[in-house]
Each structure stands twice: as structure tokens, then as C-alpha cells.
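Notes follow the structure.
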Ligand code: FES
Ligand code: FES
């Protein structure tokens, strides 16, 4: 139904008012009666044996209620956190599995591994008491970088994981690729360290555990992307109780970007401790603690090659990588290298290729999905190679891409890595982006910059993403007043689902936008759901919502038939109205809903009330894609890179709300720019100490680090789901990093620079220039 | 413990605080005004920005005791009943928030910027926002919102 609140409209968000007036409810805003405060004591060593822990002074400190260590966890039989998915679960090679304990015993394997929990009446008391815990560590040699971890004689993170290998992965044809590369006209090569990042959502992870003895029930308030996932891990795997004994509640969550898709020791610790104390236990870290205790993202080292002929046709691609998993392979950690290989072919036809990695353990915190999760690594590598190949044979970077694009007529297209791409029109999106960015007049702008003593470079890239993982369910429930509730299995934590889902429901059922409400994030209110990550919600949640709407329309027909005195087969549902075909007899959905609740009249088989459940199980991913162009200006005296112009044209399939999609693209781009220019999670190579543990040392992108963006759309609906959508959450990040680095290399090429490491800090750029000169 | 009084969002408030209590803690923990957020411990993020005697300040850098006698406005005190402040309205109109966590600090800082310079260029706005981190929006829509609100606030 065409309405200003329907699908495709730039509806302003209905969730905004509470945030704009300071009435959001993040975990730290929740305070429960009789609440206590927890502080985590963590390992200061990257690798050490715990000789002894003396908690006696802490236990008798003022206000202290409880001190817990790994031995207590063992005594209570607590489990740990394993893997959501390993390659062998989907037919890949076996891997070395680890279990991350809630509190370590015996040995610690990274700085930040949890060792003890102190709970006191106030946070200050808990912090003071934490200082009194005496832990005697015997430090062991540590291995920090993946390239060091695989060397013979490297310190082992796990006895039994030889050469620190967790699992190897390989796809493609080694012999054919070697042959093609050996005889090629030109072979482009790049060495890449896809640097380690930390997520830093502006709301730190926080948790509150509570226990109700009368009902023998636990409640966990946590800052998560996946409430039912947290429940399954904390109740099922760690505390070994029925999942229904634990209610997980997530109210407003201040950003997640993948980090909060996982489960952390603190989630289980506060629940466990609350049970012991029979009082609520609250844990909210400082930013510095969060940076030590959170998982990290990326950290892939690789050597990549691309062979091309003199016309720029790709003949072969090969890359061999190392993925640094950190000390534990946890939750979806293994998914990152799997996605990196899976998406390595990019948007091109490649006759033969080989991609391989070794996922290895090091004495660093675990790496897990961070916005993009493997797709940024894949796109970064191939888009750097495309530019290097173009330079090598003297071809325009847009032209070489066009010569190798998979064509619109070739979908569904199966890659060498067994991805089946749904749809796309890459050349059209690229052309639109070239047009938008005034590509053809770049030389003029470069000359202008040169006059001012600056080096201008243009970078372009074409990214591809993979979205819409797993299945999910949605419910639609009318109440007796005729208003509608959407009960979502997904979990919005900034994306604006309250608005987009209401648009979908309003559009399909004809219920006024303002009469619809979203319920999410409470395992007692949502019967099941998988949460929001990997840009899955529009594709999977939206499609399930459509199915729920169809179920409602079907159930409503019976009531409408009674009301209109017509047979079901004579009824049609159009624009929010049940109509008797061929007559002007009609009744709106909301009236039918009210009628469904009358206390007497409708027979049993019609049920009481009107509701519908919808499910959607992904059989085919959607593959958002798009072109990015950016221009940088570099001051050769300081090495400072300024992004002067940035353009993106995206194919995100059908659009539910263009305003919100644009917001996802803007935010995504800046995270990608952050990786390209600023952000770097650095651990000392020998000691494993975190060297970038605050906003003073870890440079977050700020408003004056980026320009305004010009974005355009080039939609090709996806056949993978009934809404025709593709997930919009990550493409910006996937595309932006190679675009910026390609621009920098382009700017410095004339000075003899051919590669640039991530992040391209002023110092690094300046050094590259000096070295080349 | 020192006794302090101040005006917060037009109301007289008082409380006993420890010497080390920060203004943000007083607002959140003593007054229950949880709209002012804490996003860091190095005065880098601006999530805690409020107005003290009409000036935007990071409430994590100020001891509560130092705000004794001050006139403080927090995000909760900005709207006039159901009518949003033009800056709040512009943020809504331009989709300048996603998760909302940085938003109170952004809005309070933005109003401070417009007060200091009601004729800001895009560059001025970006420069002015140096002390506020947003992880979600990429700043694009925040900048647009502030430029729009600047016009409306001047009108
Ligand atoms: S909390 Fe005040 S600047 Fe971050
Ligand atoms: S809206 Fe999430 S941090 Fe700004």
C-alpha cells in the first residue's frame, strides 16, 4: 500500500524520541534494589602459570560480599564457552577446540584473561578489594604475532595444538593456479597485514545478574545482540540449567558491530554470583577495562598474487594467509577465516584460484567477528590486487574491473569457493559511482593539489558482502483494541528495526504505523530468536515478518467471512481491507482484529484473537555489493592523509527505508576508514601487553577525520528472499578500507611507493615516502 | 562529606557527595538522570556532555563539588514538554543517531557549538565535534543536523 509509512519510504525513526530526550535504557542505567557491584580481576601476563591466589585480605576488606576464583567455578561444576561453528561442522578439516573458562585455573593465556571476581556493596569497595588479591604468577614465554606462532620452537599456547595450529583451510586448485601464474603476462603481488582492531561500541558491555529464590529464577540484563544466544550459553553450557530458568533481557544496546553477538565470561559470572548472594550483581567496565576484556577483530596476514594477461583479463589468483585467533577459538571466531576464504573471489570471473589460511593460536585475546567478519579481509585483498594488476599493465583501474566483472546474465553465479551469488549489476553501479565522483576530471583536481604541494590520489574498489544467515521467526499479535505488536526474534541495537519492521507490517496489513509496537530483547516475551548480526535482520527477520503477515491475513479471513457473511473463497485482502470480490462490501484488518476478540460468537476453530507466526530459513544468502571511489590529499612533509571526497553507489537490493540504509552506509564507511587510517590494536610482540588500551592510544575516527559522503543506489532485487532485500549493515565497512588505501598508493605511486600498510598513519606514510625517495 | 546544591534542569537539588564524586556520577547515581552517559575514562568521548552555567562541559572532568551552586542542564531538561529543542528535532529529522548512546552528549555539545558560533561552516562543525565520538553514524547526518539546527536556532 502506498503510504508515507510504507516500504521504501524515508520514515523518521519512532525510537528516536527516547534517545533524544535521555530516556534510553542501557545496562548502566538499570539499578536494582539491593544491587551489589562486581569487579573483574584479570591476568596482567600474556602467558603464565598461576602458582597461588590469596583472596583473604580482599575477603575481609570493607563492604566485600564475595570473592570468587576459578577453583570456585570448578567446584561448582561451571562449564565454559566453546565454538558456535568450526570448519569441520560444515565438512571442513578438523580443528583444535578450546573451552574458555569463566575464571582461569592453572594457566592464563592472554592479558585480560579473567582470574577472579570481587563483589562488594559499592563499586569503589570492590575496586579497592580487587587490589588486595595476591596472585603469584610464573610467567611463560608468549607468542603474539601469528607469523611468530607458526615458527618452529614458538611457545605453544595449547599443549596438543602443534605449531599453534587450530585449523587449516584451503579452497581452489593449487596445480592449475600455479601453472597459470607461472606462465602469466603479469603477476601482481601484495603483502597485507589486515590489522587487529577493537570494536569500541560507545556503550561498553555491561551485565547485571539477579536471582529470585521464591521462583528459583535468574535474570540477566546484558548489552547483547543476541539474547537467546546468551541464554543458551550461560544457562545451557556454563551453568548447566534449563534455559527457561534464565531470563535474558536486553533493553537499549549502544552499538554492537559483532562484538556483542558473542557471550563473555561476565555474563555468566554475574548470574552465578547473584545466585550465591541472592542479590543483584552489576558489572560495568570502564573503557580501559573494556578494551582489555573485549574480544578483538581482524588480524590476518597474507601474501597474495594475481595473474593477468595483457588485456587485463584475470588468469588466476592465489593467497596464503595466517589468521590470528588469539588464545581461544570462541563463539563465531572460526567464522571469520571461513568467510574470508568464502568471499575471496570478489565480483570477478577468475579461471582458477587458490586461497588458504592457517588459523593459529597466540597469547592474545580472542578475535571474533567485527563488522564484516572476513568479508573485509576478502574484499581488501582482491581490491588491492586489482589495483596492483592495473598499475602493472598500465590499465585504468575502472577498466580492468569492468573487463572481469561477473555479468548480470550469469546469476546465480557459483564461485570457486562455493558461494552462489544471487544477483547484481556491477558495471552499472560502478559507472554510476564514476559519474557521481566526476572520475573523468580527476587529473584536473590532481593538478590543483600539486600546485599546493599536495599529492592527490584516487582509489576505487568494488566490494561484495554476504548477508542473511540462518533462520528466524517473527510473531504478529493484535490486541483487543486493534493495535498490533511485532514480536521479533532479531534484536535491533541501533539499526532502527522498530521503524523498519513497523513499515513492513503497516504496509502489508494496512494497520496505521503509530498503532504498531515492537517487542524484542526479552527471552520471556520472545519465544525464540537468533538476534542481529551479519546484516541478517532485513533479509531473514523481514522475510519472516512477511510470512507472519500472510499468516495473519489468512487467519483473519475466517473472521472477516463471518463479519461480511461471505465464503472465504469470495474474499480478497487488498490495501488493508478484506473485500468481497466483485462487491463494495469491505472491512479493514483492524476491525476484523477487534472482532476476533469478542467473548462469544466465533466458533472454537477460529481461535480467540488474531495473530500469526512467520518463519524464514535462508537457503541462499544475499550479496550486497557496490562501488566506492575516494580521493585523498597527502601532505608529503607530514604524511598526513586527508580524505577529500568519498562516493559510494550500493546495490542493497530493495530498500525498506532509504534514510536508514544511508545511515548504515555512512557509519560503515567510517569504520572502514578507521581501519585504513587510524585504528590499530597493538600488543607488544614479546610480552603481549596491550599498547593501545585507551582512546588516547587507539585512534577512533572523529568528525574531522572524514568528509561528507555522496551516496547513490543501484538496486538489483535479490531473488533470495521474498522482500528482495540485501543486508545493508556491513557493505560500507567492507568497501571503504581498500578504497582509501588504493587512493593513498595512487597518490604516492609517482614517488615510487607501491604498497601501504594498515593503518596508513602519518608516520607510516611519511616513512614510505622517505624510503622511496 | 560535602553538601552541595545546584540547579539541575530548573530544579533546586542538593546532596552529600564524596570529594572524588564526579558531576556525571552525581547526575546519574544521585539524581537518577541517566541520560548523561559515560563512554570513556580519559575525557575523550563527550558522551557525558552537559551544560554548566550555559556552557557545554564534559561532566566526567568536573567534580560535583566544583559544580556547587551551578546551573546545570542535562539532556533530560532540553525539551519543552513534548516539544523537542530544535537541535533534538534536527537530529531526528536527519537520522543523526543510531544506537543513541553518544546522542545526549552530541546534542548538548552541538548546542554549545551553535551558541559559540552561530555561523558555522561544515568544517567548523566537524572541527567543533572533535571531543565527541560516535561509533555508529559516521558523523555525516550529525553534521547535517547541526547545520540545519543552526539555521533554525538563528531564525
Ligand atoms: S565520559 Fe566524559 S568524555 Fe568520555
Ligand atoms: S549513535 Fe551510536 S554511538 Fe553515536
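The values are calculated or read from the model by the stated rules, or taken from the named source; none is laboratory data. In this text the structure is predicted, and so the values were computed from the model without any measurement. Virtual Cβ from ideal backbone geometry, glycine too; neighbours counted across all protein chains shown.
Below, the figures for the structure above:
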read-out	value
Residue that is within 14 Å of chain B (Cβ to nearest Cβ) and touching a strand residue (DSSP E or B) at 6+ places or on another chain (Cβ under 9 Å), where the choices are A:199, A:207, A:177, A:219	A:199
Any hit, region A:301-315, residues being buried (at least 24 other Cβ atoms within 10 Å of the Cβ), at pLDDT 95 or above and closer than 30 Å to residue A:150 by Cα	yes
Verdict on residue B:124 being more than 8 Å from every other protein chain (Cβ to nearest Cβ), part of a helix (DSSP H, G or I), in contact (Cβ under 8 Å) with a residue 12 or more places away in the chain and more than 17 Å from the chain's Cα centre (by Cα)	no
From the options A:747, A:736, A:751, residue that is touching a strand residue (DSSP E or B) at 6+ places or on another chain (Cβ under 9 Å) and outside any helix (DSSP H, G or I)	A:751
Elements of type strands (runs of 3 or more DSSP E) contained in region A:611-667, each with 1 or more residues being in the same structural domain as residue A:541 (by TED's automatic domain parsing)	A:611-617
Among (1) more than 10 Å from chain B (Cβ to nearest Cβ); (2) surrounded by 19 or more Cβ atoms within 10 Å (Cβ to Cβ) - the single one residue A:684 does not satisfy	(2)
Criterion violated by residue A:47 - all others in (1) assigned by TED's automatic domain parsing to the domain that holds residue A:271; (2) surrounded by fewer than 21 Cβ atoms within 10 Å (Cβ to Cβ) satisfied	(2)
Some residue of region A:72-94 being within 18 Å of residue A:363 (Cβ to Cβ), touching a residue at least 40 places away in the same chain (Cβ under 8 Å) and surrounded by fewer than 14 Cβ atoms within 10 Å (Cβ to Cβ)	no
Number of positions in region A:688-713 that are crowded, with 19+ Cβ neighbours inside 10 Å and either within 16 Å of ligand 1 (Cβ to nearest atom) or under 21 Å from residue A:670 (Cα atoms) (or both)	12
Checklist (1) in contact with a helix residue (DSSP H, G or I) (Cβ under 6 Å, 6 or more places away or on another chain); (2) surrounded by fewer than 19 Cβ atoms within 10 Å (Cβ to Cβ); (3) within 25 Å of residue A:728 (Cα to Cα) applied to residue A:509, failing item	(2)
Strands (runs of 3 or more DSSP E) contained entirely in region A:269-387, each with at least 1 residues that are in contact (Cβ under 8 Å) with a residue 40 or more places away in the chain and more than 23 Å from residue A:41 (Cβ to Cβ)	A:296-308, A:314-326, A:352-361
Residue within region B:112-125 that is within 16 Å of ligand 2 (Cβ to nearest atom) and outside the structural domain of residue B:22 (by TED's automatic domain parsing) present	yes
Matching entry among B:103, B:137 (being modelled with pLDDT of 95 or more, crowded, with 24+ Cβ neighbours inside 10 Å and closer than 27 Å to residue A:642 by Cβ)	B:137
Only listed residue being farther than 30 Å from residue A:507 by Cβ and without any contact (Cβ under 8 Å) to a residue 60 or more places away in the chain, chosen from A:60, A:52, A:43	A:60
Residue within region B:132-141 that is assigned to a helix (DSSP H, G or I), away from ligand 1 (no atom under 16 Å from the Cβ) and within 11 Å of chain A (Cβ to nearest Cβ) present	yes
Restricting region A:656-679 to residues that are in contact with a strand residue (DSSP E or B) (Cβ under 7 Å, 6 or more places away or on another chain) and under 25 Å from residue A:423 (Cα atoms), the residue that is surrounded by the fewest Cβ atoms within 10 Å (Cβ to Cβ)	A:662
Unique residue being away from chain B (no Cβ under 14 Å) and surrounded by fewer than 22 Cβ atoms within 10 Å (Cβ to Cβ) when the list is A:289, A:278	A:278
Enumeration of residues in region B:35-54 that are closer than 18 Å to residue B:67 by Cβ and more than 16 Å from ligand 2 (Cβ to nearest atom)	B:43, B:50, B:51, B:52, B:53, B:54
Set A:521, A:453: member being at positive phi and not assigned by TED's automatic domain parsing to the domain that holds residue A:370	A:521
Which listed residue, of A:576, A:561, A:601, is farther than 14 Å from residue A:511 by Cβ and surrounded by 14 or more Cβ atoms within 10 Å (Cβ to Cβ)	A:561
Unmet requirement for residue A:718, which otherwise passes all of (1) within 14 Å of another protein chain (Cβ to nearest Cβ); (2) under 30 Å from residue A:8 (Cβ atoms)	(1)
